[in-house]
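K.L.:
I'd like to ask you about the structure that follows.
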Amino acid sequence: MQYPNPSKPAQPTTGSVRLGLRANWEQFTLLVAVNAFVGGTVGIERVLLPLLAEREFGLASRAAILSFIVSFGLVKAIANLFAGRISEHWGRKKVLVVGWLFALPVPAIILLAPSWGWVVLANVLLGINQGLCWSTTVIMKIDLVGPERRGLAMGLNEASGYLAVSAAALVSGYLAASLGLRQTLFWMGEIIAASGLIISVAFVRESLQHVHFEARQTAEGQKRSFAEILLLTSWKDRALFAVSQAGMVNNLNDGMAWGLLPLYFAGQGLSLERISFLSALYPAVWGSTQLVTGGLSDRTGRKWMIALGMLVQAAGIALFVVGSGFEPWAVAAVLLGLGTAMVYPTLLAAVGDVAHPSWRASAVGVYRLWRDGGYAVGALLAGSLADALGVRWAISVIGGLTFLSGIIVATVMYETRQRAEATT
């Protein structure tokens, strides 16, 4: 995509296109609501699908049960990569709407699935939906707010998504006790997907014009090919490398929490209602505290918020192993949610700090490729270790990797907030 020369004066579009949270609060609020629907589509699976695999399909292998997260994570990671790139050419709104179309058949496939393979297939479609829709809402919010309040914007975005994950997990667990696993997945899934599609088609507006405007106001960036952006975000830039590996490990432990912890709790004799509560508590803390941590990183910086957040996550995971019973596990869920809240919006804000507006969407896509690839890695690793050594060993290894990731951020990453200020 060709961008106007930043050395030229801004065109008259300054009267109609403005950057900032306050200037764009209507569209920003709408996108927050859309992202809540995106989170809800995956939230209904966090409790019910592992139990469905065990109770209705008779799967005993943890690796086989977690296969739905592997398919979801791989496809979502690839969809993230393409969402960023194609939204620079097609526009953001078109990618968002297409993503919702992939969500519509998912609940029906799960309802009618004659075998577990059909559930895995449904999660391929769900991965495409999540990759296209969540990536696009992230990119559009970064477009609208500009550089000053990027951390707060990402905090609001991720808070809406993961509070919806929590609410959907909690409600689905309680409804399933009376309606059944599949009926709950079907009705909640279809209502959420249809609502998200209608709102996106009818009310969301394109945000590419904000990218053009910001590019004119920003120090000129070097033109970069997609291959250059891939290498820069994955390895060559120290901050982007640290962010990408931290994002991958974060979702590695989230994949473990999604697929393994409900089975772990059930094996310890907890009721479906208590399992639902614990499964909802972690994303509830994660979602709500991002309202604070995202904006805080705008003032204190990104690096130490990310590093400390990874270490808090590791402490929470350790408590799942050394603690026993509902109360210690509730404390562990709070710690895991708090650590994730420190990390999640800050990672996205750091990518926005480093990347020039002309290639920012592609950089976000590459970062999210690594981050959501963590779902697949985490599910494979956790499932294999649980089958070979037991669930406690699997959780312990994931916790150790999370601790190591925090150390990498602390030693490798440079502070990106000052760099963002210097280039604007």
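A short reminder: the numbers here are calculations on the coordinates, not readings from a lab. Quantities reported herein were computed from a predicted structural model and do not represent experimental measurements. FYI the Cβ positions are ideal-geometry reconstructions off the backbone, even for glycines, and counts take in every protein chain you see.
K.L.:
Computed over the Cα atoms of the chain, what is the convex hull's projected area averaged over all directions, in nm²?
P.N.:
18.1
K.L.:
To continue, here is another question. Between Ala410 and Ala177, what FRET efficiency comes out of the Förster formula 1/(1 + (r/R0)^6) with R0 = 35 Å and r the beta carbon distance, rounded to 0.05?
P.N.:
0.20
K.L.:
Can you name the helices of the chain, as whole DSSP H runs, whose Cα span along the helix axis is 24 Å or more and whose Kyte-Doolittle mean is not below -0.5?
P.N.:
Helices passing the filter in the chain: 25-43, 67-90, 116-145, 150-179, 181-203, 238-259, 272-300, 303-322, 326-354, 360-389, 391-412.
K.L.:
Which ordering of Trp286, Trp187 is given by a fewest-first count of other beta-carbon atoms within 10 Å?
P.N.:
The fewest-first ordering by Cβ neighbours comes to Trp187, Trp286.
K.L.:
Continuing with the same structure: Any idea how far the Cα center of segment 90-117 sits from the one of segment 247-324, in Å?
P.N.:
With segment 90-117 and segment 247-324 each reduced to a Cα centre, they are spaced 27 Å.
K.L.:
Report the far tail of the P(r) of segment 56-115, meaning the percent of Cα-Cα pairs longer than 13 Å.
P.N.:
73
K.L.:
While we're here: Please list 102-110, 139-147, 253-261 highest first by mean number of surrounding beta-carbon atoms within 10 Å per residue.
P.N.:
253-261, 139-147, 102-110
K.L.:
Suppose every K and R has +1 on its Cβ and every D and E has -1 on its Cβ; what is the size of the dipole of segment 20-422 about the Cα centre, in Debye to the nearest 20?
P.N.:
I would put it at about 560 debye.
K.L.:
Calculate, for Trp25 and Ser61, the FRET efficiency according to 1/(1 + (r/R0)^6) with r their C-beta to C-beta distance and R0 35 Å; round to the nearest 0.05.
P.N.:
0.10
K.L.:
Please compute P(r) over all alpha-carbon pairs of segment 153-262, binned at 10 Å starting from zero, and give each bin as a whole-number percent.
P.N.:
With 10 Å bins starting at 0, P(r) equals 10, 22, 30, 24, 11, 2.
K.L.:
Would you work out the relative contact order for segment 20-422, in percent, from Cα pairs under 8 angstrom that are 6 or more residues apart?
P.N.:
28
K.L.:
Just from its helices, what would the mean residue ellipticity at 222 nm be for the chain, if runs of 4 or more DSSP H residues each count -39500 (n - 2.57) and the sum is divided by every residue, rounded to the nearest 500 deg cm²/dmol?
P.N.:
-27000 deg cm²/dmol
K.L.:
Please report, in whole Å, how far the alpha carbons of segment 181-338 spread along each principal axis, starting with the longest.
P.N.:
For segment 181-338, the Cα extents along the three principal axes come out at 59, 40, 31 Å.
K.L.:
Taking only the Cα atoms of segment 359-424, how large is their convex hull per residue, in Å³?
P.N.:
Once divided by residue count, the hull of segment 359-424 is 89 Å³.
K.L.:
Using Cα pairs under 8 angstrom and six or more residues apart, how large is the relative contact order of segment 80-137, in percent?
P.N.:
Relative contact order here is 51 percent.
K.L.:
While we're on this one: Express the relative contact order of segment 141-284 as a whole percentage, based on alpha carbon pairs under 8 Å and six or more residues apart in sequence.
P.N.:
43
K.L.:
Taking only Cα atoms and a 10 Å spring cutoff, compute GNM fluctuations for the chain and point out the largest among Val322, Val32, Val97.
P.N.:
Fluctuation is largest for Val322.
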